[in-house]
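Only one structure is covered here, and it is reproduced in the block below.
The values are calculated or read from the model by the stated rules, or taken from the named source; none is laboratory data. If you're wondering where the values come from, they're calculated on a predicted model, not measured in any experiment. Here the Cβ positions follow ideal geometry from the backbone for every residue, glycine too, while neighbour counts run over all protein chains shown. Just so you know, the surface numbers come from the protein's heavy atoms only, side chains and all, with ligands and any DNA or RNA stripped out. Shrake-Rupley method; radii C 1.70, N 1.55, O 1.52, S 1.80 Å.
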Amino acid sequence: MTVSSLVQLRLVWCCWTLPRWQMNGHKRPLAVWTSATVQWTLKQKKLAELYRIPMSRPSILSGTSLLGKRALSTTSSSPKEVMLTSEQYGVKRLPFSHVSDSDIAFFEHLIPGRVITDPDELRLFNVDWLQSVRGCSKMLLRPRTAAEISEILRYCNKRKLAVNPQGGNTGLVGGSVPVFDEIIISTALMNQVISFNSVSGILVCQAGCILENLNQYLEELDFIMPLDLGAKGSCHIGGNVATNAGGLRLLRYGSLRGTVLGLEVVLADGSILNCLASLRKDNTGYDLKQLFIGSEGTLGIITAVSILCPRKPKSVNLVFLGCQSFSQVLGTFTTCKGMLGEILSAYEFMDDKCMKLVENHLKLSNPVTGNPFYILIETSGSNTVHDEEKLNNFLEHVMASGLVTDGTVATEDKKIKMLWSLRERITEALTHDGCVYKYDLSLPVERLYDLVIDTRARLGKTAKNVVGYGHLDGNLHLNITAESYSHSLLDAIEPFVYEWTAQYNGSISAEHGLGFKKKHYIQYSKPQEAVLLMQQVKAMLDPKGILNPYKTLPASS
């Protein structure tokens, strides 16, 4: 039996383990593979059972809920006691007005029954998902329409009341929660699909729609969202756009700067900017929507989105492979792009420390153990036979060449989700490991893991774990854990990580944004002239500075 026929035979079984084509540097003879094939035939069901990874995938709540259930669950049912951001970072409150009884009365009249002032209820909204920063907002508003947000901002601008826009509160840089007592404006009730065109694939929806809900809605119509994130069960599309989230499908469908066609945005003075175009081509004047994509709620509150959605693929395969070095991860990526081409939809890498955290803290099973690096490759296309043939050829090549040592493949939806959980839940596993210092960086792909190695060497035993994972579009997620927060450890990490990144012309924020935690380091990625221009745009659109203050940009001198 030929090697390719062996791979083809195993593909039939939805979730299989690749043979170890090289053992101790020597290729096993074909006769052994013929024998192994017979053993596989006899033990198919047992092996299939063996590699069913145990994982309970949380269900999502309806978009009408106040808090969507996270795909990444919190470490406890209620937030731990988190130090106030203002105290932890020594921030001084800007001269905004304080919320008065008359302010509360105004909002109660404007949106009756949708004003929250109870401290216990507000606690969840004042703390970020990582439980690393905490504000002390005394009021949360839940508008349903852009008109209501317009009235809210018009009043707040007149009274100089600072506001904090909030979607699913899944941000990782402190941008989604107040620093002081800013009024939280939640988009959770703005969860309606406005329209969908099945010919063009253009979806128009309110900003509070949960990403996973949108994807489920589209799948019934044979389409999908161009964006996929681990936090899809909670994050809102408006927040995704406001942070220019990248995610797992960027390799195939590009960034939100390309797929978002139009936005409706409410400005600081209450003006509604309706650029909710459903056109793929519109070259009339400046492309104003790009100002608000990635602006993190500092220039306006996004209330509706028009986005181009691709057709749902008819054939999806997921491959989980083990590599002995990062150079093999890169070599496999190069081969993957050449051999899989148009059906390649995702390529993710993780180091072994990530996998150990997922196994130890979340009790998930790694079907391919004993490797320093792991990669997830997803293919999606319209022809199952065509896709499997290309995938077979690719797997045969990378195994025979020694780029990959072991692996498993899933073609059934349930098993695909199980394998994806090993990557998507790394962030959750890290929160169980102690205090997490998170860095989201763009670097030349050949340098991606060098930063992890250098950081590990620099910190030594002062850090509990230093792990690296990410997307082979040049995006590294560097995470450092410790038993508890330490200023001395933070001083050892920063600005070292940012200086290292700048040395190789990288970006200190690939997809998470700057938020509160990284705004003072923007100069490592942008020249002073660019920062000054950004500050001028902010001053023009929000002269009183009420929109998400203390975030994204350093204060003007």
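The one condition from (1) open to solvent by 30 Å² or more (accessible area, probe 1.4 Å); (2) at pLDDT 95 or above that GLY322 does not meet is (1). Determine whether the range 368-376 contains at least one residue that is over 12 Å from VAL319 (Cα atoms), at pLDDT below 95 and surrounded by fewer than 17 Cβ atoms within 10 Å (Cβ to Cβ). For the range 368-376, residues over 12 Å from VAL319 (Cα atoms), at pLDDT below 95 and surrounded by fewer than 17 Cβ atoms within 10 Å (Cβ to Cβ): present. Filtered by the rule that a residue be of a type in the set (Lys, Arg), over 15 Å from LEU357 (Cβ atoms) and in contact (Cβ under 8 Å) with a residue 60 or more places away in the chain, the range 417-462 gives a lone residue, LYS417. Considering only the range 134-148, I want to know if a residue exists there that is β-branched (Val, Ile, Thr) and buried (at least 18 other Cβ atoms within 10 Å of the Cβ). Scanning the range 134-148 turns up no residue that is β-branched (Val, Ile, Thr) and buried (at least 18 other Cβ atoms within 10 Å of the Cβ).
ALA268 - would you say it is open to solvent by less than 40 Å² (accessible area, probe 1.4 Å) and more than 26 Å from LEU172 (Cα to Cα)? In short, no. The number of residues in the range 385-409 that are among the hydrophobic types (A, V, I, L, M, F, W, C), part of a helix (DSSP H, G or I) and open to solvent by 10 Å² or more (accessible area, probe 1.4 Å) comes to 2. Here the range 217-228 is the region considered, the condition is being more than 21 Å from GLU424 (Cα to Cα) and hydrophobic (A, V, I, L, M, F, W, C), and the residue that is surrounded by the fewest Cβ atoms within 10 Å (Cβ to Cβ) is LEU221. Within the range 492-532, restricting attention to residues that are charged (D, E, K, R) and in a loop (DSSP other than H, G, I, E, B), the residue that is most open to solvent (accessible area, probe 1.4 Å) is LYS526.
Residues are listed down the side, and each one gets a yes or a no for (1) touching a helix residue (DSSP H, G or I) at 6+ places or on another chain (Cβ under 7 Å); (2) under 24 Å from THR85 (Cβ atoms):
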| position | (1), (2) |
| --- | --- |
| HIS487 | no, yes |
| VAL497 | yes, yes |
| TYR524 | yes, yes |
| ALA530 | no, no |
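Where helices (runs of 4 or more DSSP H) fall wholly inside the range 206-278, the ranges with 2 or more residues that are modelled with pLDDT of 95 or more, of a type outside the set (Phe, Trp, Tyr) and under 17 Å from SER295 (Cβ atoms) are 237-243, 256-259.
Scanning the range 533-553 for residues that are open to solvent by 30 Å² or more (accessible area, probe 1.4 Å) and in a loop (DSSP other than H, G, I, E, B) gives PRO543, LYS544, LEU553.
The C-beta contact set for the range 94-105 (first residue modelled with pLDDT of 95 or more, second residue surrounded by 12 or more Cβ atoms within 10 Å (Cβ to Cβ) and outside any loop (DSSP other than H, G, I, E, B), distance under 6 angstrom, 6+ apart or interchain) comprises SER97/ARG159. Contact map, the range 493-517: first residue assigned by TED's automatic domain parsing to the domain that holds TYR439, second residue of a type in the set (Asp, Glu) and open to solvent by 40 Å² or more (accessible area, probe 1.4 Å), Cβ cut-off under 7 Å, separation 6 or more or different chains; pairs are TRP500/ASP454.
Residues in the range 229-252 that are closer than 16 Å to GLU378 by Cβ and either in contact with a helix residue (DSSP H, G or I) (Cβ under 6 Å, 6 or more places away or on another chain) or open to solvent by less than 20 Å² (accessible area, probe 1.4 Å) (or both): GLY230, LYS232, GLY246, GLY247, LEU248. Can we say PRO178 is under 17 Å from SER295 (Cα atoms), out of contact with any Lys or Arg (no Cβ under 8 Å at 6 or more places or on another chain) and in a loop (DSSP other than H, G, I, E, B)? Here the answer is yes, as PRO178 does meet what is asked. Within the range 413-448, the residues that satisfy the criterion of being of a type in the set (S, T, N, Q) and touching a helix residue (DSSP H, G or I) at 6+ places or on another chain (Cβ under 9 Å) are SER421, THR431, SER442.
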